[in-house]
1. Scanning for something among the hydrophobic types (A, V, I, L, M, F, W, C), in contact with a Ser or Thr (Cβ under 6 Å, 6 or more places away or on another chain) and open to solvent by less than 60 Å² (accessible area, probe 1.4 Å), does the stretch 250-257 turn up at least one residue?
2. Here are the criteria: (1) at pLDDT below 95; (2) open to solvent by less than 60 Å² (accessible area, probe 1.4 Å); (3) assigned to a helix (DSSP H, G or I). Tell me which single one A240 does not satisfy.
3. Do we have D268 as in contact with a Lys or Arg (Cβ under 7 Å, 6 or more places away or on another chain), open to solvent by 80 Å² or more (accessible area, probe 1.4 Å) and of a type in the set (D, E, K, R) here?
4. In the stretch 35-49, how many residues are assigned to a loop (DSSP other than H, G, I, E, B) and exposed (fewer than 14 other Cβ atoms within 10 Å of the Cβ)?
5. Take the residues of the stretch 21-34 that are over 13 Å from E78 (Cα atoms) and at pLDDT 90 or above: which is most open to solvent (accessible area, probe 1.4 Å)?
6. Would you be able to tell me the number of residues in the stretch 280-295 that are among the hydroxyl-bearing types (S, T, Y) and over 21 Å from the mean Cα position of the chain (by Cα)?
7. Would you point out which residue out of T76, T97 is at pLDDT 50 or above and in contact with a strand residue (DSSP E or B) (Cβ under 8 Å, 6 or more places away or on another chain)?
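The values are calculated or read from the model by the stated rules, or taken from the named source; none is laboratory data. Everything quoted here is computed from the prediction, not taken from an experiment. Cβ: placed from backbone, ideal geometry, glycine included. Neighbour counts: every protein chain shown. Note: areas computed on protein heavy atoms with side chains; ligands, DNA, RNA excluded. Shrake-Rupley method; radii C 1.70, N 1.55, O 1.52, S 1.80 Å.
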Amino acid sequence: MSLKNNFKIKNTADAKKVTSEYLNRSKLATNYTFGLPEYDDRYKLWRVPILNNSSFYLGTVYLDAEKGKVEINRSTTEEVMLNRLNTKKETPDGETTKKRTKKREYSISNLSNTIIEGDSRKALEVLPDQSVDLVFTSPPYYNARPEYSEYHNYQDYLNLIRKVIQESKRVLVDGRFFVINVSPVLIPRKSRNESSRRIAVPFDVHQLFIEEGFEFVDDIIWQKPEGAGWASGRGRRFSADRNPLQYKPVPVTEYILVYRKKPLNLIDWFIRKHPNQEIIQDSKILGNYDKTNIWYISPARDKRHRAIFPKELANKVIKYYSFKNDVVLDPFGGIGTTAKSAIDLDRRFVLVENKSEYIEAMIDDLKQYYFDQYPRINVLRNESKL
């Protein structure tokens, strides 16, 4: 990177030079090395990560690109960096440091398009380790309506999600993404003497991912049109009476939570080391894209399934978090929305679904709309079904 001629710090070499002059006057002296300097064009600042000789993070020095000076008030203090240098055992966020392992070779999965009928907690056992490049799913709602009451209690539901996270982690390539669509669930009241309850499912699911060793990346908000939430009945009482304490906003959002599997190769590694660079170029996102974490998408409906997510949502996730020819896994396949998006975007898919009627609907759609692809799709019926 090279900046304007009137800037004192034009490139990474300049940034390292100015930082060295600053640090060499401190007690750190030569007990440091550099991470990758990055330029922030919004504030005209360079961020220079400072590491010890074992690549342990010590702090960050900020530089004014125009003036060529260290931003003392923004930078990590000498005292903090010296304390970290002397500690060495823990990173600032409390994680124990580990020696870097030798980076593996980039491996292309040999899985072909596959539909598996069965429970993901067992059915995923048929897949090899690290054979999937992206997991994208929307698990079933927890007992949100009487016809959804499939779980004995909420802990049983969370146990299901945890087990699927564990099995998906095994088949997911190190450093790749697990994206999950979840939302709070409203449990209707059973009588006029009771109140309805809203369960914060996304926050409990987040804790499961952290406990299972994933790194949190993003929370994306799927926002639906304003009228979409009125079917829940929430907010109607306040709309009529306008009494304080009765206020309950109508829910029109869901969460798209994004995680990465550890250990983490840098994203650049996947781009640089991919054996087919034409695929990398063909996978670039052209034209408009979602610049914020608010995605405006209308919900979808299908008589054959009580709660499908829109294909537009699957399209966005698959485009943003995978390359062409990658394998996309959906452990709760439903009627195959993820499969259809994967085919349209030149990806491969593996779908697992436990309900036979959804499998039939999925197959009917693929035969009708993807008739040229269907003969090459593997269909495993009653595979490890619980």
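1. At the first step, the residues of the stretch 250-257 found to be among the hydrophobic types (A, V, I, L, M, F, W, C) are 250, 252, 256-257.
Now narrow it down to the ones that are in contact with a Ser or Thr (Cβ under 6 Å, 6 or more places away or on another chain): none.
Checking the stretch 250-257: not a single residue is among the hydrophobic types (A, V, I, L, M, F, W, C), in contact with a Ser or Thr (Cβ under 6 Å, 6 or more places away or on another chain) and open to solvent by less than 60 Å² (accessible area, probe 1.4 Å).
2. Among (1) at pLDDT below 95; (2) open to solvent by less than 60 Å² (accessible area, probe 1.4 Å); (3) assigned to a helix (DSSP H, G or I), A240 violates only (2).
3. Values: in contact with a Lys or Arg (Cβ under 7 Å, 6 or more places away or on another chain): no; open to solvent by 80 Å² or more (accessible area, probe 1.4 Å): yes; of a type in the set (D, E, K, R): yes.
No; evaluated as a whole, the condition is false for this residue.
4. So in the stretch 35-49, the residues assigned to a loop (DSSP other than H, G, I, E, B) come out as 35-37, 41-44.
Cutting the leftovers down to exposed (fewer than 14 other Cβ atoms within 10 Å of the Cβ) gives us 36, 41-43.
Here the count works out to 4.
5. Pass one, the stretch 21-34, residues over 13 Å from E78 (Cα atoms): 21, 30, 33-34.
From what's left, at pLDDT 90 or above: 21, 33-34.
Numbers: E21: 94, T33: 52, F34: 49 Å².
Selected residue: E21.
6. At the first step, the residues of the stretch 280-295 found to be among the hydroxyl-bearing types (S, T, Y) are 283, 289, 292.
Then keep just the ones that are over 21 Å from the mean Cα position of the chain (by Cα); that gives none.
Within the stretch 280-295, residues that are among the hydroxyl-bearing types (S, T, Y) and over 21 Å from the mean Cα position of the chain (by Cα) number 0.
7. T76
Yes/no matrix, rows are residues, columns are (1) over 19 Å from V182 (Cβ atoms); (2) under 17 Å from the mean Cα position of the chain (by Cα); (3) basic (K, R):
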{"residue": "P244", "(1), (2), (3)": "yes, no, no"}
{"residue": "L266", "(1), (2), (3)": "yes, yes, no"}
{"residue": "P275", "(1), (2), (3)": "yes, no, no"}
{"residue": "P299", "(1), (2), (3)": "no, no, no"}
{"residue": "H305", "(1), (2), (3)": "no, no, no"}
